[in-house]
Amino acid sequence: FKKHGMTTIRNFDALNDVTNLIFSGQCIHEAGLNHEVVVSMMALPPGCEGAHDADFYEKNLREILDADIPYSSVCFKDASGTATPSTVHESIRRARVMLPEGTRISFHTHDTAGTGILCYKAAIEAGADQIDLSMAPVSGGTCQPDVISMWHALRGSGYELDVDIDKMVVASDVLRDCMKDYFMPPEAKEVEPMIPFCPMPGGALTANTQMLRDNGIMEKYPEIIRAMGEVVRKGGFGTSVTPVSQFYFQQAFNNVMMGPWNKIADGYGKMVLGYFGRTPTAPDPEVIRIASEQMKLEPTTRPVLELNDADPTKGIEAAKKMLRDAGITDLSDENIFIAATCKEKGIDFLLGKAASGVRMKQPEMDDAPVAKSSGPKRVSVNGRSFLVELSEGKAVVNGNSYKVSVSDGPGDTAMSGGDSGGGGEVINSQTPGKVFKLLVSEGDQVQKGQVMLILEAMKMEVEVQAPRDAQVTDIRVEPGGQVKSGQALLTLL
């Protein structure tokens, strides 16, 4: 923003304000695009107060308008679908009074909490000009309410949607047919009663549950979503939109998988310490202390732009270097932006190495011959259950790898070698995830605290550090490989 003369951003120190301003920059205006001010909304967990009410949104909107940022419309966006109809109505009513006559006001919500249509009706009655809807079968739940359902809710009210409902029915049927081969997570279509206690945006919710599903720990979802309530309460009530919503979920994930506050997620820790600006209310002092100790960072009130300008890894030149180092010669604004914001993952995307998140429906396992299944099998021995997978001369038993020899017919078919590390201290993963980087080789000497490998879990980079000075003798994982919680990663002598 500063590059485009938008120095007024320095007048904003609240995390929520900065989030809003991201959508209304002068750079968009200079590009000649139609753009809008976005006021991000959510409801606080029951029993909490101090932000995210009509007074809060009126104050934010007033500060943004006073900054003389050009705009053509204003959008109230409730990504988590938790704002109450009364708050939506009062916030938009006040905005209609504040804004110049003819300003378009839109309202956006998700139906995760089951109140989307009520909130849309409240927004319309308060003076909103536009609402965002979706079509079945991708509507409802974590997405927007359905067009046909909203049309029905407005019948006889004096308001109506500008659609031909008969054509909309046909269009919905066509979309259903187009989507028939795609996997739709069940939680994407459901109302989640816990969302008002832990505001999670619809898009983030299903992205996170897919990661849980990929890591084989989907059963942890109810526990994690409940743990998120405490994380939001103690985090200062930053608006639950990207990236803050991911900070909340990552910390809740860590609290469930590693014990409450035993591992502070990087983004959440920096947020409560002030490195992304001031949160709407002060975070819990004990959480600030824990984050400061674990991350070895002091709390700060220093403006975010000053922090970023002082960081040599950020900015245009740093992004250009990343592109050149990867052999990418196209230094367009778009590529620079991708490298600056997404780092290694952005480079992988530009190199065509990024994985697609599109999921297709898979045949039911019951319909496939057992002999063709190459995945892990649940094996029970004397009442004890083991997860076993055979692959290329190795057996992975409950996450631990063993060298094996397998042959047909009678005779001894036993695990040989036992612990392939030949003794020593086995370092196990504290969390399920993917091996993002492997920073050591077998035979390397490592010092206490040295990062040996980095796992990626729930969009977090989790460092695995050496607990002592030692030698790496047996590496049991490879970059890109998926690991389970408790799985052996490597051995130290």
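Relative to the current alpha-carbon distance between Asp66 and Asp311, full extension at 0.36 nm per residue lengthens the span by 85.2 nm. With the simple spin-label model, which puts each label point 7 Å out from Cα in the Cβ direction, the Val97 to Val451 separation comes to 5.2 nm. The stretch between Asp164 and Glu334, if pulled fully straight at 0.36 nm per residue, gains 57.4 nm over its current Cα-Cα span.
Label point of Glu190 set 7 angstrom out along Cα-Cβ; within the stretch 131-158, amide nitrogens under 13 Å from it belong to 141-142.
Between Gln465 and Asp284, the FRET efficiency from the beta-carbon distance, with R0 = 35 Å, is close to 0.85. Within the accessible area of the stretch 283-362, the carbon and sulfur atoms contribute 56%, probe 1.4 Å, all protein chains present. Stretching Met295 away from Lys361 to a fully extended chain increases their span by 19.6 nm, per 0.36 nm per residue minus the current alpha-carbon distance. Model label points for Arg226 and Leu439, set 7 angstrom from Cα along the Cα-to-Cβ axis, are 3.6 nm apart.
Less than 5 angstrom separates the built amide H of Gln465 from those of Met452, all sequence-distant by 5 or more or on a different chain. For the stretch 155-246, the Kirkwood radius over C-alpha pairs fed into Stokes-Einstein at 37 °C and 0.692 mPa s yields D = 203 µm² per second.
The values are calculated or read from the model by the stated rules, or taken from the named source; none is laboratory data. Bear in mind that the values here come from a model prediction, so they are computed numbers and not experimental data. Ideal geometry is used to build each Cβ from the backbone, glycine not excepted, and the neighbour counts take in all protein chains shown. Ligands, DNA and RNA are stripped out before the accessible areas are found, and what is left, the full protein with its side chains, is counted by its heavy atoms. Shrake-Rupley method; radii C 1.70, N 1.55, O 1.52, S 1.80 Å.
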